[in-house]
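Student: My questions all concern the structure below.
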Amino acid sequence: MAGGPQKLKFWSRITIVLRSYGVLIGLVLIIVIASIMEPTFLTANNVLNMLRQASVIGIVSLGVTFVMMTGGMDLSVGAIVSLCSVVAIRMMNTYGQTGGSSALTLVVVALIAAIGFLIGLVNGSIITSINGRLGETFIITYGMQIVVASLALLYSGGQFITGTFTDGLYQQLGTGLFPIFLFLAIALVMHAVLTYTTFGKQICFIGANMECARMSGIKVRLLRTITYGICGMTAALSAIVVTSRVFSASPLQGNGYELEAIAAVVVGGTSQSGGNGGIVNTIIGVLVLSVLGNALNVVGVDANAQLLVRGGIIIVAVALDMWNKKTAQRMATI
Amino acid sequence: MKKTIHNRTAVFEFVLNQTVLLLLLAFIVIMSIVRTSFLAWWNIQSILLDVSIYGVVACGMTMLIISGEFDLSASSQYMWAQILFVTMLNATNNPFLSILVTLVSGLVLGTLNGLIVTKLRVNSFIATLGTMTMIRGLCLVFTNGNMVSTRNEFVKTLGQAQILGVSSLFYIYIGVLVVVSVVLAYTNFGRRLYATGGNIEVARLAGIHTSFQKTMAFSSMGLLCAIAGMMLVTMLRAGSTQYGTDIALTCVAATVIGGTRLSGGAGNAIRTALGMMVIVVLYKALIYLGLQAYYQNLAKGLVLIAVVVFDVYTTRRRAEKIGR
């Protein structure tokens, strides 16, 4: 402020640009740097592969966005992916042996989605029964993560299950452009729900100020429970895509998915305090993280070192978000 | 009439306050009836050993939760301490230098967590989620995911030493417990920590440097994680990224069972120690009953959830009573 009005104007303009487009600028920068360092980065094959990978985490992140919009957290999504993976592949193996029909696939997908939704509802009911704040949602969904992960291990006997079924439709779900379309379709639906329905508006309200929302007559408990259900359902759908992609299921399939999903949501700018952000933010966050991961792979950074980058990005993204808010507040007071 | 109600609530309050102790006694009694060898000396020894290492981290977690913060990265810090300690021992063969370096590293990591939370104002759950991922990455890069081991004589003697038939590690734990309890109960720092966690706005207005308090709580956590990591190394003479992945949340569970509220501002380390004892006895009981490892995990998850739900219900009951 000591630098006079001219300088303040310049800086505030920069902050406004950064605040609105910071993540997008980051995405473009990563793409440019990676394609200069490694020309194979921008080949159609690599881009498609990247998008297919992104859509698995992406679908999970969409549900997590809903939960985080309400000021909560879901650490159990990874375990839900694991459980749904082994259940789905075993179901397909049992009933899809003799030239099963596409109807079977649809039934399995519906059942798996229902299982995910139910686990989410359990999460949500426990959390809302105690009116859990952020800390409690963290610990309860972590407890659920342990429970669901051990259910997955119990169900599969700790074994890796290979797909032996012959149903064609299920195998198509994870190949070609299908996962990308599925991701976009779910994103579109959820975006519409969030922006154009009363339910969506109420979710934003709950995130912005839960007490206020309760006093305004919004059924906070019911809505929060449903968001956790939706979150579980998206995790289950992601399990379908991933098992179809690799045509097998591991009871540890979803290990660490929750962290990637949270990172994507946070990087996208859905803030921890709830309220603002949204599906579009999350799509950008997912893209940033998967492009970055792929770029690091292409450049030759090993998976372990990537953890360092990933952890750092989570912190930097939230810190920037907080800094933005501070600047916005200061500019509002000026 | 009024008096009887008062008496009854007093009794109820007393029972509620002693839940940990009653729970612990109940577990031990049931287990020793079901399996008489549960009270065998070697089993008690192994319980005390388990309580010692996790208990040290739980002391730090208690301080943090009292200050109203939280540390998910404890598990990674604990791994890093093991790996660094073993690596230093192998490189220098000087136990005291290695201990010093590990302690300093723990202090630095903890302080870093604290600064991220207080200066960058990142929510402690997200911040420590980030540092947890980073430190785990560091450990994996360092070891390639392999176990590291040492043949250092000093470590061997310390790990095997017993005083009155109990491992020396238990005495280290008692030492830490006493120091943390004294700091919390009798020093200005401790009292300011309670004030910070109880109501940060009031504490700030009362002239307490709340960011400093919180950062110091994080630093202590880092230091205690380093100590716990080294204790594990003296026991196993090895360190790995596989040991102690559940330590952070187990310590939270112990702290909450011990009656420290997640919302901060209340609790003490001795009760956390009892809470840790309950958890370790429970885990041992699960093993003793011959349950498959997956069922043990299932039970751990359920216990964690039950503990948090129980905590919130009792806290609310108290709050309502005060409100009346």
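Student: For B:I44 and A:L118, what does the FRET efficiency come to when R0 = 51 Å and r is the distance between their Cβ atoms, rounded to the nearest 0.05?
Tutor: Taking R0 as 51 Å, the efficiency between B:I44 and A:L118 is 0.75.
Student: For B:L103, what accessible surface area do you get with a 1.4 Å probe? Give it in Å², rounded to 10.
Tutor: So the heavy atoms of B:L103 present about 50 Å² to solvent.
Student: Put B:D50, B:D311 in order of accessible area, largest first, 1.4 Å probe: what do you get?
Tutor: Listed by decreasing accessible area, they come as B:D50, B:D311.
Student: Using a 1.4 angstrom probe on the protein heavy atoms only, could you order B:R121, A:R310 from most to least accessible area?
Tutor: Heavy-atom accessible area, descending, gives B:R121, A:R310.
Student: A follow-up question, please. Between A:S129 and B:A238, what is the label-to-label distance in nm when each label sits 7 Å out along the Cα-to-Cβ direction?
Tutor: 4.2 nm
Student: From the square roots a ≥ b ≥ c of the eigenvalues of the alpha-carbon gyration tensor of chain B, which class results: rounded (a/c under 1.5), prolate (a/b over b/c), or oblate? Intermediate results must be reported in sequence, preceding the final value.
Tutor: On the way: a/c = 1.89, a/b = 1.20, b/c = 1.57.
Oblate, since a/c reaches 1.5 and b/c is not below a/b.
Student: Still on this model: So, in nm, how far is label A:F199 from label A:T164 when the simple model puts each one 7 Å beyond its Cα toward the Cβ?
Tutor: Each label point lies 7 Å from its Cα, and together they span 4.0 nm.
Student: So who's got an amide H within less than 5 Å of the one on A:S248, skipping anything under 5 residues away but keeping other chains? H placed 1.01 Å off N, in plane.
Tutor: The list, which skips near neighbours in sequence, is A:G163.
Student: To continue, here is another question. Starting from the eigenvalues of the Cα gyration tensor, five times each then square-rooted, give me the equivalent ellipsoid semi-axes of the stretch B:94-247, largest first, whole Å.
Tutor: Semi-axes from the Cα gyration tensor: 32, 22, 11 Å.
Student: Rounded to the nearest 10 Å², what accessible area does B:M31 have for a 1.4 Å probe in the complete protein model?
Tutor: 10 Å²
Student: Ignoring everything except DSSP H segments at least 4 long, calculate the 222 nm mean residue ellipticity for chain A; use -39,500 (n - 2.57) per segment, divide by total residues, nearest 500.
Tutor: -27000 deg cm²/dmol
Student: For peptide A:68-77, how many partner chain Cβ atoms fall within 10 Å of a residue's Cβ, on average?
Tutor: Numbers: counts 0, 0, 0, 0, 0, 4, 0, 4, 1, 0.
Mean shielding by partner chains, rounded to a whole number: 1.
Student: Now for a separate question. Using a 10 angstrom cutoff on alpha carbons, build the Gaussian network for chain B and name the most mobile of B:I208, B:I30, B:I270.
Tutor: B:I30
Student: Sort B:R237, B:R35, B:R151 by accessible area with a 1.4 Å probe, largest first.
Tutor: Heavy-atom accessible area, descending, gives B:R151, B:R35, B:R237.
Student: Any chance you could run the full-extension gain for A:R221 through A:V301? It's 0.36 nm times the residue separation minus the Cα-Cα distance, nm to one decimal.
Tutor: Going from the current span to full extension adds 24.3 nm.
Student: Something else: From the C-alpha gyration tensor of the stretch A:28-144, pull out the three semi-axes of the equivalent ellipsoid (sqrt of 5λ each), sorted largest to smallest, in whole Å.
Tutor: Ellipsoid half-lengths, sorted descending, are 31, 27, 10 Å.
Student: If you don't mind, there's one more thing I want to ask. Regarding the protein assembly as shown, what are the three Cα extents along the principal axes, ordered largest first, in Å?
Tutor: Cα extents, longest axis first: 74, 71, 70 Å.
Student: Karplus couplings for the stretch B:79-85 from phi (6.51 cos²θ - 1.76 cosθ + 1.60, θ = phi - 60°), rounded to Hz, Gly and Pro as x?
Tutor: With coefficients 6.51, -1.76 and 1.60, one gets 4, 4, 4, 4, 5, 5, 4 Hz.
Student: Let me ask another. Just the accessible area for A:Y155, please: 1.4 Å probe, Å², rounded to the nearest 10?
Tutor: Counting only protein heavy atoms, the figure is 90 Å².
Student: Summing -39500 (n - 2.57) over the DSSP H runs of n ≥ 4 in chain B and dividing by its residue number, what mean residue ellipticity at 222 nm do you reach, to the nearest 500 deg cm²/dmol?
Tutor: Calculated mean residue ellipticity at 222 nm is -26500 deg cm²/dmol.
Student: A further question follows. Calculated FRET efficiency, B:A306 and A:W323, Cβ-Cβ r, R0 41 Å, to nearest 0.05?
Tutor: Calculated transfer efficiency: 0.55.
Student: Using θ = phi - 60° and the Karplus form 6.51 cos²θ - 1.76 cosθ + 1.60, what ³J(HN,Hα) does each residue of the stretch A:179-195 get, whole Hz, x for Gly and Pro?
Tutor: Those phi angles translate into x, 5, 4, 4, 4, 5, 5, 4, 4, 4, 4, 5, 5, 4, 4, 5, 9 Hz.
Student: Oh, and also: What list of ³J(HN,Hα) couplings, whole Hz, do you get for the stretch B:170-187 from phi and the Karplus terms 6.51, -1.76, 1.60, once you set θ to phi - 60° and write x for glycine and proline?
Tutor: Values, residue by residue: 4, 5, 4, 4, 4, x, 4, 4, 4, 4, 4, 4, 5, 4, 5, 8, 10, 10 Hz.
The values are calculated or read from the model by the stated rules, or taken from the named source; none is laboratory data. Predicted model, so just to flag it, every value in this text is computed and none were measured. Virtual Cβ from ideal backbone geometry, glycine too; neighbours counted across all protein chains shown. Only protein heavy atoms, including side chains, enter the accessible area calculation; ligands, DNA and RNA are left aside. Shrake-Rupley method; radii C 1.70, N 1.55, O 1.52, S 1.80 Å.
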